[in-house]
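As structure tokens, the structure follows; a few thoughts come after it.
The values are calculated or read from the model by the stated rules, or taken from the named source; none is laboratory data. Please read these numbers as outputs of a predicted model, since none were measured by experiment. Here Cβ is always computed from backbone atoms with ideal geometry, including for glycine, and neighbour counts include all displayed protein chains. Surface accessibility is based on the protein's heavy atoms, side chains included, excluding ligands, DNA and RNA. Shrake-Rupley method; radii C 1.70, N 1.55, O 1.52, S 1.80 Å.
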Amino acid sequence: MNLSPKPGVMDIHAYVPGRSEAAGAKRVYKLSSNESPFGPSPKAIAAYEGAEPALGIYPEGSARILREAIAAHYGLAADRIVCGNGSDEILTLLANSYVRPKDEVLFSAHAFSLYRIVTLANSGVPIEVPTPNLQLDIDDVIACVGPNTRLVYIANPNNPTAGYVTASEMRRLHAALPDSAILVIDAAYAEYVRRNDYEAGIELVSTSNNVVMTRTFSKVYGLAGIRIGWAYCPKHAAEVLNRVRAPFNVNIAAQHAAIAALSDRAHVETALQHNDVWRMRLTEEIRALGLRVDDSVANFILIHFPDKPGRSAADADRFLMARGVIMRGCASYDLPQCLRLTVGSEEANLAALAALRDFMAS
Ligand SMILES: Cc1ncc(COP(=O)(O)O)c(C=O)c1O
């Protein structure tokens, strides 16, 4: 009996989630998972609680009520939307559905680690596009495209580097792909971007046959804990994902919470305005401490530490943890000299700034 898993599986390094505990600290500030400091809208919480009578029965299988609410909100066709247990599930389903052994899957260096995991899980070949200065150059992606390219995952904005690809550059990439490849635009942080030359991907999906955009309720909508994501796809891709996904993959309480969250525009605006103000303040104040911080369009920033004893990212991390400030170590993104800081509540941001100031002065 040979119980070896499929080729590639044992090359996977399991996903490392952001930490949530800081042993011994009196007050803990979790700034490690890009969650919203505002949490969900009160309307979403009420809708979640209101779902109680439906808990004992199977939901309608295709998340129809949620797909229709998303379709109405964004002006999309409901039958081209597929919902998932987080956008993680959709990103996984795309690989499960399309990647054949030895197919090549492209993504940038320092990208969200799930892309590599789902590629290897399907015996595909991960191709990492180098990003020497941490900003993705579309010509470098195009240079990696070949006849075996099957999926191209582009996180836009990218986690953890916090930069973005402009709409025109994304179109240029799409134009360079063979029809047999799918461009997957992972727009988990789309709501936070305030740039005129950015598009989340809806237009490109609408006007092409091989582009899928994924979105999530985990970030600005503050619903990471109940796991809801969705994809906008060409009709043929929606039909494929609907064959492969689990029958009731989005639970009914999550669907009701997400529908209510969409309707609370004020809650989202409050979160976005807070993020604009604090993303800039954190960036400027941390740069003033002498640390490199890359420009961010998302709800997190990437901080670079010098590779010097006593000043490294690992040293900073230990110091911050002792103060209850939990950032995201980036070794699993191949950026061991960096920490990623999520924009948190005012109190958490001030605690992070004070701890970093003391670290640099220590
Ligand atoms: C780039 C990117 N894509 C997708 C996700 C997954 O989000 P979820 O599965 O919570 O929808 C994350 C979460 O951190 C992310 O950073």
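Summary of values
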quantity: Flag for Ser180 being more than 10 Å from the ligand (Cβ to nearest atom), surrounded by fewer than 23 Cβ atoms within 10 Å (Cβ to Cβ) and closer than 30 Å to Ile252 by Cβ; calculated: no
quantity: Answer from Glu52, Glu104 - the residue that is of a type in the set (Asp, Glu) and in contact with a Gly (Cβ under 7 Å, 6 or more places away or on another chain); calculated: Glu104
quantity: Any pair with Cβ under 7 angstrom, 6 or more apart, that starts in segment 140-160 at a residue that is without any contact (Cβ under 8 Å) to a residue 40 or more places away in the chain and ends at one that is open to solvent by less than 20 Å² (accessible area, probe 1.4 Å) and away from the ligand (no atom under 16 Å from the Cβ); calculated: Val141/Leu173; Ile142/Leu173; Val145/Leu177
quantity: Complete set of residues in segment 202-214 that are more than 8 Å from the ligand (Cβ to nearest atom) and crowded, with 24+ Cβ neighbours inside 10 Å; calculated: Val211, Val212, Met213
quantity: Residue match in segment 205-214 (condition: in a loop (DSSP other than H, G, I, E, B) and without any contact (Cβ under 8 Å) to a residue 12 or more places away in the chain); calculated: yes
quantity: Residue match in segment 283-306 (condition: of a type in the set (Lys, Arg) and in a helix (DSSP H, G or I)); calculated: yes
quantity: Residue in segment 39-50 that is modelled with pLDDT of 95 or more, in a loop (DSSP other than H, G, I, E, B) and over 20 Å from Ser218 (Cβ atoms) present; calculated: no
quantity: Residue within segment 60-80 that is farther than 13 Å from Ala258 by Cβ and of a type in the set (Val, Ile, Thr) present; calculated: no
quantity: Val125 over 22 Å from Lys219 (Cα atoms) and open to solvent by less than 20 Å² (accessible area, probe 1.4 Å); calculated: no
quantity: Residue within segment 96-116 that is away from the ligand (no atom under 13 Å from the Cβ), out of contact with any Ser or Thr (no Cβ under 8 Å at 6 or more places or on another chain), within 24 Å of Tyr164 (Cα to Cα) and of a type in the set (Val, Ile, Thr) present; calculated: no
quantity: Residue check for Ala111: under 16 Å from the mean Cα position of the chain (by Cα) and either within 27 Å of Asn196 (Cα to Cα) or of a type in the set (A, V, I, L, M) (or both); calculated: yes
quantity: Contacts under 7 angstrom Cβ, first residue in segment 314-343 being under 13 Å from Leu302 (Cβ atoms) and without any contact (Cβ under 8 Å) to a residue 60 or more places away in the chain, partner assigned to a strand (DSSP E or B) and among the basic types (Lys, Arg), 6 or more apart; calculated: Leu339/Arg328
quantity: In segment 134-164, the residues that are farther than 18 Å from Val297 by Cβ and near the ligand (Cβ under 10 Å from one of its atoms); calculated: Tyr153
quantity: Failed item, numbered, when Asn196 is tested on (1) surrounded by fewer than 24 Cβ atoms within 10 Å (Cβ to Cβ); (2) in contact (Cβ under 8 Å) with a residue 12 or more places away in the chain; (3) farther than 26 Å from Ile303 by Cβ; (4) away from the ligand (no atom under 16 Å from the Cβ); calculated: (2)
